[in-house]
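Bear in mind that the values in this text are calculations on the coordinates, not laboratory data. From a predicted model like this one, the values you see are computed outputs, not experimental measurements. Neighbour counts run over all protein chains shown; Cβ positions are idealised from the backbone, glycine included.
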Amino acid sequence: MSEGFGIRSLHPSVLAAYYAGGIALGMLLFHPLVLLAGAAASLAVNAALDGGRAWRRGAPAFVPMLLLVIILNPLVSHRGRTVLAYLGDMPVTLESVVYGATLAVSLLNLLTLFVSYRLVVTEQKFLYLFAGLSPKTALLAMMATGLVPRLRRRLGELMLVQRTRGITVAAGPLASRVRSGMRLMQALLAWTLEDALQTADSMQARGYGTGPRSAYPDYRFRPRDRWALAALGAAAACALAAWALGFGSLRIYPRLEGLRLSGGDAAALLAYAVYVLLPLVWEWRDRKAWRSWNSTK
Amino acid sequence: MAELELDQVTFTYPGAPAPALSSLTLRLKRGEFAVLCGPSGSGKSTLLRLIKREVSPGGKLSGSIRLGGTPLERLPAREAASRVGLVMQHPDNQLVVDTVEHELAFGMENFGLDRSAMRRRMAEIAGFFGLEPLLASRTDELSGGQKQLVNLAAVLMLYPDVLLLDEPTAQLDPLAARELLGIVQRLNEEWGMTVLISEHRIDELLPAADRVIRLEGGRAVFDGSPRAFVREARRRGDASWAAYLPQVTRWALAEAEGAESAEADPPLTVKEARLQWASRDPALRAGRPSAPAASPARPPGPPLIAAEGVFFAYGPQEPAVLKGLDYTLRQGDFAVLFGGNGSGKSTLLQLLAGLRRPQRGTVRRIGAAPAARRRAGRQAADASFSVGYLAQNPVLHFAFDTVGEDLTDAARRAGADRPEDEARRMAEALGIAGLLHRHPLDLSGGEQQLAALGIALMSRPQALLLDEPTKGLDPPARRSLAGHLARLHAAGTTLLVATHDVEFAAECATRCSLLFHGEIVADGEPERFFRGNLFYATALHRLFPDGPPQPLRRQEGATVR
């Protein structure tokens, strides 16, 4: 979907604030139900952004990790009063099971947020944020990120051609493979450095280093950004207030209290869920604009 | 007023015995289009870099370089950077950032322009170049021609007064080169931009240029109009001068040689040749050849490598590059493969060389003796193949710190008893014996090409597959490479060359094929192949649609060698 639509149309600084707040609150709050609500909310954001495709692509990588956390925590940690069973002479406590599960939900929440971050905050926006602080650092960061795929592509070419003269890491005894690998890396570096000199020339030829730099990427701070920032601030303030009063965090050790939500916990849950879901308002608004445009056509 | 003045410029690289440029005096008027030519190492790049202060080499400089009357070294840094623009040879290495739009903005960012000014220039230049559709693209996804167009546009963003181009089309295919030169010409004509361009292939440039400057050994040996350049080349009768003339001009000069008639001016383009001679020569008027195009028919040799029904794609989601292609390389062929950019020429060569496997269809080596084939099968990755492959970029072939080590290693792997001797013999045969101690990356393009050829030849391949070997070479290097390939062919090596270089094919090949849409659409002897082609044809074939008056090889031989 295009950059000027819905969540993506918000100013990079608003988006940065949104994700910073979402992650900070996700780490402060520690109640399985609150975090589950947060994860569900950010999953909804993901679904609105790309139908959850990026999340589904990433899931095979992080779901096993979450399961591992759930399984490992009771095996490693034996704190807690309520013993469920013994594995050999090792107590498995209810508290450590719940703690592991909560930790897994917390991670799930953060990862889901991060998946939507990758969709919304493009490299351009990231650099725009950075370029304000230090244009040189931003340029360096971008050139470095561009270097990795370039090196990989070049290594592929090099390996294909060097195979014709017998320098390969795919066949032969281990010692010769290692030697060949070193040769390939050396050739790759020599070649890349040679080219980097020309890139440096090209930069200098266009006046790099002649004085202070400005940054080209431009995002305007629009009224909707102001509204978004205000609404996000309000929701975050509510959640933070609840947290400061001791709500939204489950007391697990030494003895598990009930999973039931108190009034304060419910407020924290509501504030956090609203916070995470807020940008969907603009997604919904822009979609409505399309629908009404289509119906009047 | 002269925009650019060079007065008695002499420049010596540190440690060099002789100056790279000696007492060079040059004046470029505002809005002039000057072409700089001369063999590799004649000081073209040094001259351009001295004018572009930011990239000027270290060394001893005497004389003065003035820009609009002000000595170059007295200009403030920003003014010097913006008033002279430089486009270099390699499209990739000049790109700095990730997207086209940002690349175009890079120079303006360096000058600290504010955003509204940047946007405005962006709109102007992107509009002039027609780059709007590409603005959001990533620079590494562009074709070579598009990259070079972006590089030119990025330089123009600073509104330079003088535009310098250092062999800007050497790495491009002819179509992209023509497009780039067309834009440069428009800049000169419509904006009055002062242009100084160095090029090896100046066929396209001569008709558009105001001045031609020829450097030899750091001295300007010629400075005058293109017509005067042609007359001078004719007067000298020097092959190294003639090599820089358009093919039509060379042909016309050779034609007029016997007549000794005080010809007004030899033609620079096919159009001029038609107009000049249509009235005089009835054969030309009728478009008939004045002599039958005789090319000795050779019986086709036995098949060596055969591709049958080959399908190839670079990934399951990628479009197929080759679609059911059939091609047979026969023993004794000097075959040439034409095709547009991205038509799959390189892929086909790699498939035939056994570097890649087709998803469907087969590539068979028929020529290899059964024993050799068995060995090749077992050591599929080893160099003992009877098929040699030379990639488009010769740099890919080097793995050591000197050319000598590279050749020696290749000889050792090929099983030579005394690899050092073998390496020296190969270097002598290719005329690069003086370069054995040099680093491969320090060589010129032509020397790199020969060194890579030496590495590939060490295993004594029965067939040699070359990917655009003449790309970026100056006429002498190109001639020397063509000579070596002709000798290899005469010695019994089967050759397959993928190229855009139509003249090279017309001179050397015994067979031409055209790859289009993943299939071979034309295949035959050069004369039959070129006849009637408009795009994949030499200028002479365009002048004589029914075939040139005499076989091109002989005629070429008379003028070039």
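Quick look at the numbers
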item: Cα coordinate range in segment B:2-224, projected on the principal axes (Å, largest first); result: 49, 38, 34
item: For A:Leu250, distant residues with modelled amide H under 5 Å away; result: A:Phe30, A:His31
item: Lysines whose Cα lies under 19 Å from that of A:Lys125, excluding same-chain neighbours fewer than 8 positions away; result: A:Lys136
item: Span-like helix ranges in chain A, DSSP H, alpha carbon extent 30 angstrom or more, Kyte mean at least -0.5; result: A:53-76, A:94-120, A:135-162, A:174-205, A:223-244
item: Farthest positive-ward along segment B:93-141 dipole, Cα basis, beta-carbon charges - from B:Val96, B:Leu131, B:Met118; result: B:Met118
item: Per-residue [θ]222 nm for the protein assembly as shown (sum of -39500 (n - 2.57) over DSSP H runs n ≥ 4, rounded to 500); result: -15500 deg cm²/dmol
item: Prolate/oblate/rounded call for segment A:1-118, Cα gyration tensor, a/c under 1.5 rounded; result: prolate
item: Debye intensity ratio I(q)/I(0), log10, chain B, q values 0.07, 0.08, 0.09 Å⁻¹ (C-alpha model); result: -0.46, -0.61, -0.77
item: Neighbour-count order for A:Tyr275, A:Tyr86, A:Tyr253, fewest beta carbons within 10 angstrom listed first; result: A:Tyr86, A:Tyr253, A:Tyr275
item: Loop trypsin sites (Lys or Arg not before Pro), segment A:199-237 (other Cβ atoms within 10 Å of the site Cβ: 11 or fewer; DSSP); result: A:Arg220
item: Student exercise, segment B:85-232 dipole from Lys, Arg, Asp, Glu Cβ charges, in Debye to nearest 20; result: 300
item: Phi-based couplings in Hz for segment B:72-77 (Karplus 6.51, -1.76, 1.60; Gly and Pro marked x); result: 4, 6, 8, 6, x, 3
item: Coil-residue trypsin sites (Lys or Arg not before Pro) of segment A:1-83, DSSP, other Cβ within 10 Å capped at 15; result: A:Arg79, A:Arg81
item: Segment B:478-492 versus segment B:310-337: alpha-carbon centroid distance in Å; result: 25
item: Computed over segment A:127-205, Cα set: Rg, Dmax in Å; result: 17.0, 53
item: Convex hull projection area averaged over all views, chain A, Cα basis, nm²; result: 25.6
item: Normalised alpha carbon radius of gyration of segment B:70-114 [divisor 2.2 N^0.38 Å]; result: 1.36
item: B:Val87 long-range amide H proximity, modeled H, under 5 Å; result: B:Leu164, B:Leu165, B:Asp166
item: Cα-only radius of gyration and Dmax that characterise the protein assembly as shown, units Å; result: 33.6, 114
item: Excluding exposed DSSP-loop chymotrypsin sites (Phe, Trp or Tyr not before Pro) (at most 16 other C-beta within 10 Å), longest clean stretch of chain B; result: B:1-313
item: Estimated translational D of segment A:160-288 in µm²/s (Stokes, Kirkwood radius over Cα pairs; 25 °C; 0.890 mPa s); result: 111
item: Among the listed pairs B:Lys44/B:Lys471; B:Lys44/B:Lys147; B:Lys52/B:Lys471; B:Lys323/B:Lys345, those beyond 20 Å (Cα-Cα); result: B:Lys44/B:Lys147; B:Lys52/B:Lys471
item: Amide H partners (placed H, <5 Å) of B:Ala313, local residues excluded; result: B:Val321, B:Gln359
item: Overall Cα dimensions of segment B:416-531 - principal axes, largest extent first, Å; result: 46, 30, 24
item: Within segment B:1-36, trypsin sites (Lys or Arg not before Pro) in DSSP loop having at most 14 other beta-carbon neighbours inside 10 Å; result: B:Arg30
item: Segment B:131-239: antiparallel DSSP beta bridges as a percent of all, rounded to 5; result: 50
item: Bridge type composition, chain B - antiparallel percent by DSSP, nearest 5; result: 55
item: For segment B:418-431, Karplus couplings with θ = phi - 60° (6.51, -1.76, 1.60), whole Hz, Gly/Pro x; result: 10, x, 4, 5, 4, 4, 5, 4, 4, 4, 5, 4, 8, x
item: Alpha carbon centroid spacing (whole Å) that separates segment B:136-182 from segment B:55-131; result: 13
item: Between segment A:227-297 and segment B:193-226, the alpha-carbon center distance in angstrom; result: 70
